[in-house]
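Presented below is the structure to which this report refers.
The values are calculated or read from the model by the stated rules, or taken from the named source; none is laboratory data. Nothing here was measured: the structure is a model prediction, and the numbers come from that model. Because the Cβ atoms are built from the backbone with ideal geometry, glycine has one as well, and the counts that use them run over all protein chains shown. Surface accessibility is based on the protein's heavy atoms, side chains included, excluding ligands, DNA and RNA. Shrake-Rupley method; radii C 1.70, N 1.55, O 1.52, S 1.80 Å.
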Amino acid sequence: MLGVKNLHKSFGSNQVLKGIDFEVNEGEVIAIIGSSGSGKTTLLRCMAFLEQANDGTFIFDDLKKNIRKITKKEIKELRMKMGFVFQNFNLFRNMTALQNVMEGLTTARKIPAAEAKKTAMEMLQKVGMIDRADYYPDQLSGGQQQRVAIARALATKPEVILFDEPTSALDPELTGEVLEVMVKLAREGTTMVVVTHEMEFARNVAGRVIFMEDGVVVEEGTAQEVLSDPKEEATRRFLRRILRKEEEE
């Protein structure tokens, strides 16, 4: 469905992605784990064309094309099929929750306001935020803002949603409400690629886990294979570090 082959991305002399192969199939939930600076977020942003990769092949359904030759028109069409949930919510501060969810429908897709409002309200209901539809972001907790951001991503009925560490900006007590929504989406068969440091989510929800380090995919497999019985020393080292951190907290 969605994939990249031999994907490369550099920022100046810093090579961040070093030939990544990645694919997600319809209905699959994939968790991408790894230390800060391993290239996880850059991979996601390149897949969503929020960053321009230097080289590689991009695949989406029947489209298979060198990433340098994809046209602006094709990028616009591909973005229409993808939702993106940012680490820091990226809500418009001067718009209510409802207006934030409606914005992409009315502006990018030219959907009439009445229809956009109906869809937006349905999505706010889905993430448990219908009673906060008229609240502005500054009146909402971080967890509530992130749920609005998920509603915004869902409103366009994307074929796949990319989540960039959706809980890392949240206090621990607010993380649960966001993960609860994501678990619900996974159970409904939503195709999701999730960059995350939440190991329990990866273990219990993801069908596949990918461990990245230093711009490459080090290990890939089921949650059981990667998290409970990793083959690579780099993966074992990362998991030990995560475990120590959790014990300290």
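Which of (1) in a strand (DSSP E or B); (2) open to solvent by 30 Å² or more (accessible area, probe 1.4 Å); (3) touching a residue at least 40 places away in the same chain (Cβ under 8 Å) does Lys64 not meet, given it meets every other one?
Checking Lys64 against (1) in a strand (DSSP E or B); (2) open to solvent by 30 Å² or more (accessible area, probe 1.4 Å); (3) touching a residue at least 40 places away in the same chain (Cβ under 8 Å), the one that fails is (3).
So if I check each of Val178, Val183, Val205, Val226, which one is over 30 Å from Lys76 (Cβ atoms) and open to solvent by less than 10 Å² (accessible area, probe 1.4 Å)?
Val226
Restricting to the range 126-148, give me the number of residues that are more than 20 Å from Phe163 (Cα to Cα) and open to solvent by 20 Å² or more (accessible area, probe 1.4 Å).
The total comes to 8.
Check whether at least one residue in the range 97-113 is over 16 Å from Val181 (Cβ atoms), outside any helix (DSSP H, G or I) and open to solvent by less than 30 Å² (accessible area, probe 1.4 Å), and report yes or no.
No, the conditions are met nowhere in the range 97-113.
Quickly run through the range 224-241 and pick out the residues that are farther than 12 Å from Glu213 by Cα and not basic (Lys, Arg).
Gln224, Glu225, Val226, Leu227, Ser228, Asp229, Pro230, Leu239 - these are the residues of the range 224-241 that are farther than 12 Å from Glu213 by Cα and not basic (Lys, Arg).
Just give me the residues in the range 186-195 being within 19 Å of Ile210 (Cβ to Cβ) and either open to solvent by 10 Å² or more (accessible area, probe 1.4 Å) or part of a helix (DSSP H, G or I) (or both), in sequence order.
Ala186, Thr190
Looking only at strands (runs of 3 or more DSSP E) that lie completely in the range 1-54, which have at least 2 residues being surrounded by fewer than 17 Cβ atoms within 10 Å (Cβ to Cβ) and in contact (Cβ under 8 Å) with a residue 40 or more places away in the chain? Before you say what the answer is, go through the steps one by one.
Details: elements: 2-11, 14-24, 29-33.
Output list reads 2-11, 14-24.
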